[in-house]
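Everything below concerns the one structure shown next.
The values are calculated or read from the model by the stated rules, or taken from the named source; none is laboratory data. Nothing here was measured: the structure is a model prediction, and the numbers come from that model. Neighbour counts run over all protein chains shown; Cβ positions are idealised from the backbone, glycine included.
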Amino acid sequence: MDGLSPGVLSKVHHYALNVQDMAASRRFYGELLGLHELQGSEIPATLKDLVAAGKLANFRLPDGVILDLFGEPELGPPDQNPRQQFTRANHLAFDIAPELFDRAVEVLHQTTSISTMAPSPDRRAGASTSTIPMGFC
C-alpha cells in the first residue's frame, strides 16, 4: 500500500496534552509563555462544558494552531504498554479534506501502529476540513 501523497494533510489542527496541575499549566502557557487563552466565543461549542468545569484550557500558539490542555489530577507515569497510554487528550490532529479521510485512516492502519479516531468538524466557522486525531503507539 502506498502512503498519502504530499499535501493531503494540510496542516496541524491542534495538539492535546494531559496535565496534572491545570492552574500551574495555565500560568506556564498563558503568563510565562504569553500564549493567548481562548475565551468566550473563541472556545469551540463542543468544549465549552469542559472549559467551564475547569477540566480543559485552550491556547492559541503563534502559528494559530490550538494547544488543548486536559486536566488529569491523577496523572501518573506512562503505562509500559503503549496501547494503554493513548487517550483522547494525548494526541496530534491534522486537517485533511473530508473526502480523503477514509483513505488516510486506511493507510495509517495498514502501515503503522498509530491509533486514529473519528473525524471531527474543524473548529473554525465555514471550514471544509476534518481532523485526524492520532495517538502514537
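The number of residues in region 51-75 being surrounded by 11 or more Cβ atoms within 10 Å (Cβ to Cβ) and part of a loop (DSSP other than H, G, I, E, B) comes to 6. Within region 39-50, track down each residue that is in a loop (DSSP other than H, G, I, E, B) and free of Cβ contacts under 8 Å to residues at least 60 places away in the same chain. If the condition is that a residue be in a loop (DSSP other than H, G, I, E, B) and free of Cβ contacts under 8 Å to residues at least 60 places away in the same chain, then GLN39, ILE43 are the ones that fit. The set of residues in region 35-46 being aliphatic (A, V, I, L, M) and modelled with pLDDT under 90 is empty.
Name the residues in region 20-50 that are of a type in the set (S, T, N, Q) and loosely packed, with under 10 Cβ neighbours inside 10 Å, would you?
In the first step, residues of region 20-50 are kept if they are of a type in the set (S, T, N, Q); the result is 20, 25, 39, 41, 46.
Of everything in region 20-50, those that are of a type in the set (S, T, N, Q) and loosely packed, with under 10 Cβ neighbours inside 10 Å turn out to be GLN39, SER41.
Please indicate, with yes or no, whether at least one residue in region 47-61 is modelled with pLDDT under 80 and closer than 26 Å to VAL8 by Cβ. There is no residue in region 47-61 that is modelled with pLDDT under 80 and closer than 26 Å to VAL8 by Cβ. Within region 26-38, restricting attention to residues that are outside any strand (DSSP E or B) and touching a helix residue (DSSP H, G or I) at 6+ places or on another chain (Cβ under 9 Å), the residue that is farthest from ASP102 (Cα to Cα) is LEU35.
Of PHE86, PHE70, all but one fail to be at pLDDT 80 or above, of a type outside the set (Lys, Arg) and under 19 Å from the mean Cα position of the chain (by Cα); the exception is PHE70.
Hey, any hits in region 3-25 for a residue that's without any contact (Cβ under 8 Å) to a residue 24 or more places away in the chain, in contact with a strand residue (DSSP E or B) (Cβ under 8 Å, 6 or more places away or on another chain), of a type in the set (Val, Ile, Thr) and outside any strand (DSSP E or B)? No, region 3-25 contains no residue that is without any contact (Cβ under 8 Å) to a residue 24 or more places away in the chain, in contact with a strand residue (DSSP E or B) (Cβ under 8 Å, 6 or more places away or on another chain), of a type in the set (Val, Ile, Thr) and outside any strand (DSSP E or B).
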